[in-house]
Every structure is written in structure tokens, then in C-alpha cells.
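Student: Before I ask anything, here is the structure I am working with.
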2 protein chains.
Amino acid sequence: MMEKNLTRREFLVGTGSFAAGAAVGAVLGGGVFGLLDVQAAETVAPPAPWKYVKLDPEVVRKKGWEMYWQGGCMKGAAGAIITELQEKVGFPYTMLPLEVFRYGSAGIGGWGTICGAANGAAYAMGLVLPNADISTLVSELLGWYSETALPTYKHDAYAKYPTTVQSVAGNPLCHTSVSKWCDASGLREDSDERKDRCAKITGDSAARAVELLNAYFDKTFAPVYKISAETESCRACHVTRMSDTLTKMECAPCHPNAHKK
Amino acid sequence: MMEKNLTRREFLVGTGSFAAGAAVGAVLGGGVFGLLDVQAAETVAPPAPWKYVKLDPEVVRKKGWEMYWQGGCMKGAAGAIITELQEKVGFPYTMLPLEVFRYGSAGIGGWGTICGAANGAAYAMGLVLPNADISTLVSELLGWYSETALPTYKHDAYAKYPTTVQSVAGNPLCHTSVSKWCDASGLREDSDERKDRCAKITGDSAARAVELLNAYFDKTFAPVYKISAETESCRACHVTRMSDTLTKMECAPCHPNAHKK
């Protein structure tokens, strides 16, 4: 099983076709300029960040809803943005696998950790942002996810069910997000309505990521998410003075009795 | 900004070099067989799942620790597995971007949601598993992460600090994992020892993913993670009967007073 396969480039070089190709380039006097360069370049990922062109959030919103039904929330959110960039930019986005994102469904393998819509949208943001700005932008996405009444009312033209109930997740976890919606709607997690709700939030998260990216590349991005005063009072000790934790999530929902007697 | 760029394949076809290349193939009588196929194939991602060859968990463990320092926990865990597959398989793993995984650092943009080491290792598992088995395998990874005393003692040959304190996260969240370790060690989140601890867990998570994948492809994989009896008693109502939530995480740590008066 531990075999060593050649890369396609190694294979081509080994069989002499690289040299043959070069000869062709010479014969055609530049008519195939770039052929070999392309071939070589396409065996390694281009350096980060990849080229971004502004996308239409509403196109991405609908596509996210659609792709949810083809592989879940993370595939839907990452896929909505990536397939748009495949159309608008092409290579190297065309090289990205999409089925892989099924891993993030239901908060990763059913665990209810990070919402797959947020996870997938954040992945797509990481593709196009300079390293120094990734954390700031994806943090803003998660802040938006936490405090926004979702899903939006923008899906009624195509969704299975009209949006009648919104809920505020309070944090970016699938578990919390789904539980809050079940509580607000009175509907079951295993209902088709819940899946439709998550499909909408898949589109909403991808659209929000695109709005943030468009603003960033327009140089109009400014963070708006603010940690609550209640949680900042916890952070003054636990993050700053004692430094015994790491999070931006609200403290009280999981630690309702902290410092109470 | 809404420009429409050609893909490289469209570019090549448009300039006639595809036809030129075909002519060369004919001239050389098969000597460059595959050249055009390769060129076309390398503009789109091959179908999932991608080829896996068994990897050495100990090689991946060390590489995960090393790559943590080059871009964080998610990049380290995904990158340790992907770069090994780049060496052992080559294309298409060589096409995968790695800087993107910086988005998952510190539980995604500092939010402390899913541990980036688990998120990155799960991504890598999603690349090579059939769709029907992704959830089962990544769920097992998250179960292992939740109940295992980490980091392992297998990094002392190269880590900055010897492993003297282990902790059990209890769930796969960065926030909980880091908090438990700070509590057990008495050390700060913003310490270099904490980063070294997370670098080790990056390697451990990647190594565990490889152990699970090796077993899967050897047809010896069997899930061992069991949800606790206490949490199963919650799930009997909240997941099965009422279906008002979605998670596999332990309930009591965040809901200590559920059903208490």
C-alpha cells in the first residue's frame, strides 16, 4: 500500500513528452506559448491568496440553498462561493474538491460543533484573503451568525417552505442554532422544515461571507460585531488577567451559575 | 470587478493549441500519449474520493507538530496529512491550497468553536472516504478527541517542552479543550507552553485520523466511541422522542441544572 506514485509532471518529464512539447513550441514559433508553463503550473496549487472577483450575494444565497440538498450545509456554503468563482475566475478554483465538505454536516459528523454553513463559508473566505486578515474577517462572519435572526426572508421564491420563524443562535454552534430554532418554531430537528431552514442558513452564510469579501476588496470593510458587556466582564479576568480560556462565545448560556453562590 | 476570465483550458482551446497539441500527438505516433488528457484533467478536480495510501501515523504526528508553527492548528493537521499524500500520491493532492486552513485557528477566527486540529484532520478524512462513510469516521475522530488524555507523550524528541500535563477536553471544542488544559496545568492560554501543547495535539489529531483511515482501508475499522449513559438518558427524550436538538456532545457540562429544581 505504501507505493510511491509519480506526479503527472514527473510522469511527463520521465517519458520525454516535456521535451517533445518544447519542440512543438519551437516548431509553431510561439503559437502555443504558455503550454508547458500551464502544464507545470497545474500540478501545484498557486500561492495564496487566490484571485477574488466580487460576487453577487443574492446569486450565492440561492445557490447555497440549492447545494445544501446536494451534500449538506458545509458543502453548500463553501460550494456556492467556490462554484461561482469557478465560473468567474476558473482555474485554480476548478481544482477544488467539493464532496470533501460533507465532513462538516451537522456540526461535523453529527456532533453539533461549528455550524457547517459557517465552517464552509469561512473556508471560502480563507482562500481569497491575505493571511493577516483571515481571522478578522471570519471572526466577523461568526459574530454575524451568532446575533442575527436567521434564516433571512430572502428565500421564499424557491424554498420548500416560507420562512415563518426566525431565531438567534447566540453562538456559531450547530447544536445551539438548531436547538434555538426548534424551540422557537415548535418543529422537530428531524423534520423536513428544519432541513429547509438549514438550507436557507447555508445560503445566508455564504451570502454574508460574500458581502464581507466584497466590502473588504472595496476597502469599505469595518468590523461591527461587538462582544456583549456581560461577556466582556468575564473576559476582563478570564481572558486578559488570568488567561485561562480562549473563546469569543457568550459565557452565560453554558455557565449560568458562574460566581453565584 | 465582475470580469469573466477564461479557464486555462478555454484559453488553450481558444488559441488553437489544443488542436496543435493533438497534431503533435499524431506526429509522434503516441509518444506523447496522454498529454492532452492530462492537460484537460488538470483543470478540474478528479471525482471523490481521492486515492489514499496508508500513511505512517508517527510521521504525520511529528509533521503536524511542525506545521502548527507555520499556520496554526487546522493548517497543521490538514497539512500534515495532505503533504504526506502529496509525496506518496502526488496529483491531485499537489493542487490543494494549505494557507486557507488558517481560518480554523483558535476554533475559527478566535471563537473557540471546533478545535482546528480536529477540523483539519476531518477535512483530510473527507478527501479520501466515500460519501457514505465520512460522517461515521469523522464522528469517531471527534469522539476520540473528546475522551482522550491529550497531548500524547510521543512528542518529547522534538517539542519545545516535555509533556508533563495531559487533560481530557470532554468535547471537541477549542474553548473547552484549552480551558481544561489551563486548569490542569496552571499555565496561561497566552503562554508558549499552551501553543506547544496545541501543536502536539495538532500532530496527535492528524495521527489519529491516519490510524482510522488505515484501519478503514484495511477493513478493520470499528467504531469504539460510546456516548455516556448520562447523556444517552438526555438523548432518549431530546434527540429521539422530542427531537428538539442535534449534538453528540456531553449535555451536563453546559446544562448542569437541567431538570433540577
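Student: Of the residues B:Ser233, B:Ser191, B:Ser243, only one is more than 10 Å from chain A (Cβ to nearest Cβ), over 30 Å from B:Val128 (Cβ atoms) and of a type in the set (S, T, N, Q); which? If you could, list the steps in order and put the result at the bottom.
Tutor: Details: B:Ser191 fails: more than 10 Å from chain A (Cβ to nearest Cβ); B:Ser243 fails: more than 10 Å from chain A (Cβ to nearest Cβ).
Only one candidate qualifies: B:Ser233.
Student: Just to be sure I understand the filter: pairs with C-beta atoms under 7 Å, separated by 6 or more residues or on different chains, first member in region A:138-161 and within 12 Å of chain B (Cβ to nearest Cβ), second member in a loop (DSSP other than H, G, I, E, B) and β-branched (Val, Ile, Thr). Which pairs pass?
Tutor: Within 7 Å, the pairs are A:Val138/B:Ile108; A:Leu142/B:Ile108.
Student: Then there's this: Here are some conditions: (1) surrounded by fewer than 22 Cβ atoms within 10 Å (Cβ to Cβ); (2) at the interface with another protein chain (Cβ under 7 Å from one of its Cβ atoms). A:Glu58 meets all but one. Which one does it not meet?
Tutor: Condition not satisfied by A:Glu58: (2).
Student: State which residue is surrounded by the most Cβ atoms within 10 Å (Cβ to Cβ) when the search covers only region A:87-96 and only residues that are over 21 Å from A:Ile134 (Cα atoms) and either in contact with a helix residue (DSSP H, G or I) (Cβ under 7 Å, 6 or more places away or on another chain) or facing another protein chain (nearest Cβ under 7 Å) (or both). Quick ask: steps written out before the conclusion?
Tutor: The first filter runs over region A:87-96 and keeps only residues over 21 Å from A:Ile134 (Cα atoms), leaving A:87-88, A:90-91, A:94-95.
Going one step further and asking which of them are either in contact with a helix residue (DSSP H, G or I) (Cβ under 7 Å, 6 or more places away or on another chain) or facing another protein chain (nearest Cβ under 7 Å) (or both), we end up with A:88, A:90-91, A:94-95.
Details: A:Lys88: 19, A:Gly90: 19, A:Phe91: 24, A:Thr94: 21, A:Met95: 21.
The residue in question is A:Phe91.
Student: Within region A:118-137, how many residues are under 26 Å from A:Trp69 (Cβ atoms) and either among the basic types (Lys, Arg) or within 8 Å of chain B (Cβ to nearest Cβ) (or both)? Lay out the reasoning, then the answer.
Tutor: Just the residues of region A:118-137 that are under 26 Å from A:Trp69 (Cβ atoms), to begin with: A:118-128.
Narrowing the set further to residues that are either among the basic types (Lys, Arg) or within 8 Å of chain B (Cβ to nearest Cβ) (or both) leaves A:118-119, A:122-123, A:125-127.
Result for region A:118-137: 7.
Student: Tell me, please, whether a residue that is within 12 Å of chain B (Cβ to nearest Cβ) and either of a type in the set (D, E, K, R) or farther than 20 Å from A:Gly72 by Cα (or both) can be found in region A:100-117. Before you say what the answer is, go through the steps one by one.
Tutor: Start the filter on region A:100-117 by keeping residues that are within 12 Å of chain B (Cβ to nearest Cβ), which leaves A:100-116.
If we keep only those that are either of a type in the set (D, E, K, R) or farther than 20 Å from A:Gly72 by Cα (or both) as well, we get A:102.
Yes, the conditions are met somewhere in region A:100-117.
Student: From the list A:Lys63, A:Lys51, pick out the single residue that is at pLDDT 50 or above, surrounded by fewer than 21 Cβ atoms within 10 Å (Cβ to Cβ) and not hydrophobic (A, V, I, L, M, F, W, C). Before you say what the answer is, go through the steps one by one.
Tutor: Numbers: A:Lys63 fails: surrounded by fewer than 21 Cβ atoms within 10 Å (Cβ to Cβ).
That would be A:Lys51, the only listed residue that is at pLDDT 50 or above, surrounded by fewer than 21 Cβ atoms within 10 Å (Cβ to Cβ) and not hydrophobic (A, V, I, L, M, F, W, C).
Student: Tell me, yes or no, whether region A:33-47 has at least one residue that is buried (at least 20 other Cβ atoms within 10 Å of the Cβ), at the interface with chain B (Cβ under 7 Å from one of its Cβ atoms) and at pLDDT below 50.
Tutor: First pass over region A:33-47, keeping only residues buried (at least 20 other Cβ atoms within 10 Å of the Cβ): A:35, A:39, A:42, A:45.
Still in the list and also at the interface with chain B (Cβ under 7 Å from one of its Cβ atoms): A:35, A:39, A:42, A:45.
If we keep only those that are at pLDDT below 50 as well, we get A:35, A:39.
Yes, region A:33-47 contains at least one residue that is buried (at least 20 other Cβ atoms within 10 Å of the Cβ), at the interface with chain B (Cβ under 7 Å from one of its Cβ atoms) and at pLDDT below 50.
The values are calculated or read from the model by the stated rules, or taken from the named source; none is laboratory data. The structure presented is a predicted model; accordingly, all values stated were derived computationally and were not measured. With ideal geometry, Cβ positions are generated from the backbone for all residues, glycine too; neighbour counts draw on all protein chains shown.
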